[in-house]
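K.L.:
Please read through the structure below; I'll follow up with questions.
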């Protein structure tokens, strides 16, 4: 596990206090599994991107393997302002030789060996696995955009990239980085995962979520610029409480009345209730006799269970947009939200 070994070496050599995935990695190994995907969410300026830039450089220098650096849209990668400055910290801190350079296609050595390849999620279908035998790590940077403007079918896109490029390499790893923009997103919704603590493990899915805590920030709390940001009500995306969608999770009121339809999603039942103010979705074990049951996937359609009509799906979307929807748990929120997200 050369990627894990390199993470450990960097962490032991650099005790600056900035972000390291070591804690999450070691905890997973103690639980008896090796994470293939890390979902890493935390405040700005704690060193998430810099660590993985250092890791990419080190993996190439020590093992000769390449990294694929992913952003949501091609325009983010093709801007000279992005790739011209990409190696600034790597050169400043000595992570790479001074003669390395980056251009519109990635990072290169002076001998024209490619170290990092750029890839946009929006053009995922253009990649073919045979062209990337040396790529063993992907860094998906800013997987939750501040604009919430995701590429088409983002979960499908990132899974397709790993399947094509990694081609089942057991040593390959995907690290997905984001600020605390929104814990309700198409990736967590589609995978049915939710961060319940600082580090949440999903051994059966080969992944974990880390909410980064206790790391050093390059802008200190007593820096006068922090007062400017507070005055402007400009969030640092350092805490999940900035994600207002999570406030939609509430206990079902006692006087709520069940509506006359329910959904079956991956073998589980979900039913809406009318509270008088909003529609409250709940995970239920059984549904009342006479309730109309709809499937959301063709695999669960039968002669007695038709596919969810577009009209009901639009009603859910309208409830979300008009703040007239609530959920009994984060998992229910993600499940119902996945009907809206095109994952």
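The values are calculated or read from the model by the stated rules, or taken from the named source; none is laboratory data. Being a predicted model, the structure only gives us computed values, none of them experimental. Glycine gets a Cβ as well: all are built from the backbone with ideal geometry, and neighbour counts include every protein chain shown.
K.L.:
For the subset of region 99-124 comprising residues that are surrounded by 15 or more Cβ atoms within 10 Å (Cβ to Cβ) and farther than 30 Å from residue 18 by Cα, which member is modelled with the lowest pLDDT?
P.N.:
124
K.L.:
Being surrounded by fewer than 14 Cβ atoms within 10 Å (Cβ to Cβ) and either modelled with pLDDT under 90 or under 16 Å from residue 188 (Cβ atoms) (or both) narrows it down to one of 304, 251, 321, 257, so name that one.
P.N.:
Numbers: 304 fails: either modelled with pLDDT under 90 or under 16 Å from residue 188 (Cβ atoms) (or both); 251 fails: either modelled with pLDDT under 90 or under 16 Å from residue 188 (Cβ atoms) (or both); 257 fails: either modelled with pLDDT under 90 or under 16 Å from residue 188 (Cβ atoms) (or both).
Just one listed residue meets the conditions, 321.
K.L.:
Another question, if that's okay. Looking only at region 1-24, how many residues end up being closer than 20 Å to residue 166 by Cα and either surrounded by 16 or more Cβ atoms within 10 Å (Cβ to Cβ) or touching a residue at least 40 places away in the same chain (Cβ under 8 Å) (or both)? Explain how you work it out, then say what you get.
P.N.:
To start, the set of residues in region 1-24 that are closer than 20 Å to residue 166 by Cα comprises 1-7.
Next, from what is left, pick out any that are either surrounded by 16 or more Cβ atoms within 10 Å (Cβ to Cβ) or touching a residue at least 40 places away in the same chain (Cβ under 8 Å) (or both): 1-4, 6-7.
The qualifying residues number 6.
K.L.:
Does residue 15 count as over 17 Å from the mean Cα position of the chain (by Cα), modelled with pLDDT of 90 or more and outside any strand (DSSP E or B)? Spell out how you get there, then give the answer.
P.N.:
Values: over 17 Å from the mean Cα position of the chain (by Cα): yes; modelled with pLDDT of 90 or more: no; outside any strand (DSSP E or B): yes.
Judged against the criteria, residue 15 is not a match.
K.L.:
Could you check, for region 30-46, whether at least one of its residues is in the same structural domain as residue 139 (by TED's automatic domain parsing), assigned to a helix (DSSP H, G or I) and either crowded, with 21+ Cβ neighbours inside 10 Å or within 20 Å of the chain's Cα centre (by Cα) (or both)? Give the derivation first.
P.N.:
The first filter runs over region 30-46 and keeps only residues in the same structural domain as residue 139 (by TED's automatic domain parsing), leaving 30-46.
Pick out the ones that are also assigned to a helix (DSSP H, G or I) and you get 30.
Restricting the remaining residues to those that are either crowded, with 21+ Cβ neighbours inside 10 Å or within 20 Å of the chain's Cα centre (by Cα) (or both) gives none.
For region 30-46, residues in the same structural domain as residue 139 (by TED's automatic domain parsing), assigned to a helix (DSSP H, G or I) and either crowded, with 21+ Cβ neighbours inside 10 Å or within 20 Å of the chain's Cα centre (by Cα) (or both): absent.
K.L.:
For residue 96, are the conditions met, namely being more than 19 Å from the chain's Cα centre (by Cα), surrounded by 20 or more Cβ atoms within 10 Å (Cβ to Cβ) and either not in a helix (DSSP H, G or I) or not assigned by TED's automatic domain parsing to the domain that holds residue 166 (or both)?
P.N.:
Working: more than 19 Å from the chain's Cα centre (by Cα): yes; surrounded by 20 or more Cβ atoms within 10 Å (Cβ to Cβ): yes; either not in a helix (DSSP H, G or I) or not assigned by TED's automatic domain parsing to the domain that holds residue 166 (or both): yes.
Against the criterion (more than 19 Å from the chain's Cα centre (by Cα), surrounded by 20 or more Cβ atoms within 10 Å (Cβ to Cβ) and either not in a helix (DSSP H, G or I) or not assigned by TED's automatic domain parsing to the domain that holds residue 166 (or both)), residue 96 qualifies.
K.L.:
What's the number of the condition residue 286 fails, among (1) surrounded by 14 or more Cβ atoms within 10 Å (Cβ to Cβ); (2) not in a strand (DSSP E or B)?
P.N.:
It is condition (1) that residue 286 fails.
K.L.:
Confirm whether residue 293 is more than 29 Å from the chain's Cα centre (by Cα), assigned to a strand (DSSP E or B) and not assigned by TED's automatic domain parsing to the domain that holds residue 200.
P.N.:
Details: more than 29 Å from the chain's Cα centre (by Cα): yes; assigned to a strand (DSSP E or B): yes; not assigned by TED's automatic domain parsing to the domain that holds residue 200: yes.
Yes: the conditions hold for residue 293.
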